[in-house]
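Student: Got a structure for you, questions after.
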Amino acid sequence: MTEAPAHGVAASEPTNRRPGRLELGLLVAILLLAAVTRLPGLAERGRWDADQGTDMRVLRALVVDGEVPLLGPRTSIGTFHHGAVYYYLLAPAAFASSADPVAVTAMIALFGIAAVAAIWWLGRLMGGPLAAAIAGLLAAVSPAGIDESTFIWNPNLIPAAAALAYAGAILGWRTGQARWWVLAGIGAMVTMQCHVLGVVIVLPLVGAWVAALARRRRDAE
C-alpha cells in the first residue's frame, strides 16, 4: 500500500503553507479593526430587552445558585429549545463578573472577533492569502457582523463555529488526519446547539467525510 497521492499533493498546496510575516501583519490589522468596531461602548450599544434578560437570568442562576441549565433558550415558536452549549460558552464571562450583562456581551464580541479570524483562515484554505485578506476584511467591517457582536443572542456565536467546522472539513479532506474531522464535528455541534436550524450544516460535512473515507479506501486498494 502507498500513501494516497491526493494527500501528498495537498501537503504542498500554497494554502497549506504557514502564513508569512506580511500575512500575519494583515491578519493582526484586520483583527484590530474588528476589535475597534465591536468592543468600545458595549454598555451603551448593547440591547437589554426580553431575550437578553431571560438569558442573563439563566446565567445568573448558574453562577450564583449553581443551577446548571440542561436546555438552551426557547425557540420562537415556543414548543422546544435550542442547545444549552450556548450558556456554557458564556459561563466564563458570567462567573468572572458575577453575571454582569456587559461582561457577557463582551464575550459575545470576542466571539465576533474570533469569527473574523476563522473566516480569514477559511478564506485562506479555499483561495489563498488574497482571498483570506478580502474575506477577513469584509467580515471585520460587516455591519451585520458588528451588530451581532454587541448583544446577547444565541445565533451570534454561529459564525465562528461554522467557519471552524468548514475549515476542519477542508483540512480533513486534504490531509486525511482525524483531528481535523474532530474540529469539524465540534464546530458543527456548537452551530446546531446555538440554533436548531444549524442542523443544515450536517449535510455538507457528512457528505465530505463520507467522500473522504471512500477516497481513502480507493487509495488503499
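Student: Counting pairs of Cα atoms in the range 170-221, how many percent are more than 11 Å apart?
Tutor: 69
Student: Please list the non-local residues whose amide H lies under 5 Å from the amide H of residue 81, H modeled 1.01 Å from N, same-chain partners needing a gap of 5 or more.
Tutor: 75
Student: Full extension from residue 134 to residue 217: what is 0.36 nm times the residue separation minus their Cα-Cα distance, to one decimal in nm? Can you show the working numbers first?
Tutor: Values: separation 83, 0.36 × 83 = 29.88 nm, distance 3.68 nm.
Extra length from residue 134 to residue 217 when fully extended: 26.2 nm.
Student: Test of understanding: what is the full-extension gain from residue 61 to residue 18, defined as 0.36 nm times their sequence separation minus their Cα-Cα distance? Provide the component values of the computation, followed by the final result.
Tutor: Numbers: separation 43, 0.36 × 43 = 15.48 nm, distance 4.41 nm.
Taking 0.36 nm per residue and subtracting the Cα distance, the gain is 11.1 nm.
Student: At 1.4 Å probe size, with the rest of the protein present, what percent of the exposed accessible area of the range 115-221 is carbon and sulfur atoms? Walk me through the numbers on the way to the answer.
Tutor: Details: 3720 of 5020 Å².
Within the range 115-221, the accessible surface is 74 percent carbon and sulfur.
Student: Give me the Kirkwood hydrodynamic radius of the chain, using the inverse of the mean 1/r over all pairs of distinct Cα atoms, in Å to one decimal.
Tutor: 18.8
Student: Using θ = phi - 60° and the Karplus curve 6.51 cos²θ - 1.76 cosθ + 1.60, what whole-Hz ³J(HN,Hα) does each residue of the range 112-121 get, with Gly and Pro shown as x?
Tutor: x, 5, 4, 4, 4, 4, 5, 5, 4, 4
Student: Another one. So, with +1 on the Cβ of K and R and -1 on the Cβ of D and E, and no other charges, what is the size of the charge dipole of the chain about its Cα centre, to the nearest 20 debye? Walk me through the numbers before you get to the answer.
Tutor: Numbers: 16 positive and 14 negative charges, 131 e Å.
Using only the charged Cβ atoms, the result is roughly 640 debye.
Student: Sticking with this one: Along the Cα→Cβ direction, 7 angstrom out, place labels at residue 70 and residue 33. What is the inter-label distance in nm?
Tutor: Distance between label points: 4.7 nm.
Student: Enumerate the amide H contacts of residue 152 below 5 Å, restricted to partners 5 or more residues apart or on another chain; note that Pro and chain-start residues carry no placed amide H.
Tutor: Amide H to amide H, under 5 Å and 5 or more residues apart or across chains, residue 152 pairs with 47.
Student: At 1.4 Å probe radius, can you tell me the per residue accessible area of the range 63-221 in Å²? Don't skip to the end; give the middle numbers.
Tutor: Working: 7610 Å² over 159 residues.
Accessible area per residue: 48 Å².
Student: What ³J(HN,Hα) values, in whole Hz, does the Karplus curve 6.51 cos²θ - 1.76 cosθ + 1.60 give for the range 67-81 when θ = phi - 60°, with x put for Gly and Pro?
Tutor: Couplings: 8, 7, x, 9, 10, x, x, 5, 6, 5, 7, x, 9, 8, 10 Hz.
Student: Once neighbouring chains are kept in place and the probe is 1.4 Å, which whole percent of the accessible area of the range 31-110 is contributed by carbon and sulfur? Walk me through the numbers before you get to the answer.
Tutor: Details: 2700 of 4340 Å².
Using a 1.4 Å probe with all protein chains present, the range 31-110 comes out at 62 percent carbon and sulfur.
Student: Restricting to Cα pairs below 8 Å that are 6+ residues apart, what does the relative contact order work out to for the range 116-221? Please round to a whole percent.
Tutor: Values: 110 pairs, mean separation 22.4, N = 106.
Over the range 116-221, the number comes to 21 percent.
Student: So which chymotrypsin sites (Phe, Trp or Tyr not before Pro) in the range 9-117 end up in coil per DSSP with only 12 or fewer other C-beta atoms within 10 Å?
Tutor: Details: sites: 48, 80, 86, 87, 88, 95, 111; in loops: 48, 80.
Answer in residue order: 80.
Student: Between residue 186 and residue 95, what is 0.36 nm times their sequence separation minus the Cα-Cα distance? Round to one decimal in nm.
Tutor: 30.4 nm
Student: Compute the acute angle (0 to 90°) between the alpha-carbon long axis of helix 85-97 and the principal axis of greatest extent of the alpha-carbon atoms of the chain; round to the nearest 10°.
Tutor: It works out to around 60 degrees.
Student: Starting from the Cα of residue 126, step 7 Å along the direction of its Cβ; do the same at residue 84; then give the gap between the two resulting points in nm.
Tutor: My value for the distance between the label points is 3.5 nm.
Student: A follow-up question, please. Given an 8 Å cut-off on Cα distances and at least 6 residues of separation, report the relative contact order of the chain as a percent.
Tutor: Numbers: 308 pairs, mean separation 55.2, N = 221.
About 25 percent, as a whole number.
The values are calculated or read from the model by the stated rules, or taken from the named source; none is laboratory data. If you're wondering where the values come from, they're calculated on a predicted model, not measured in any experiment. Glycine also receives a Cβ, built like all others from the backbone with ideal geometry; neighbour counts cover every protein chain displayed. Ligands, DNA and RNA are stripped out before the accessible areas are found, and what is left, the full protein with its side chains, is counted by its heavy atoms. Shrake-Rupley method; radii C 1.70, N 1.55, O 1.52, S 1.80 Å.
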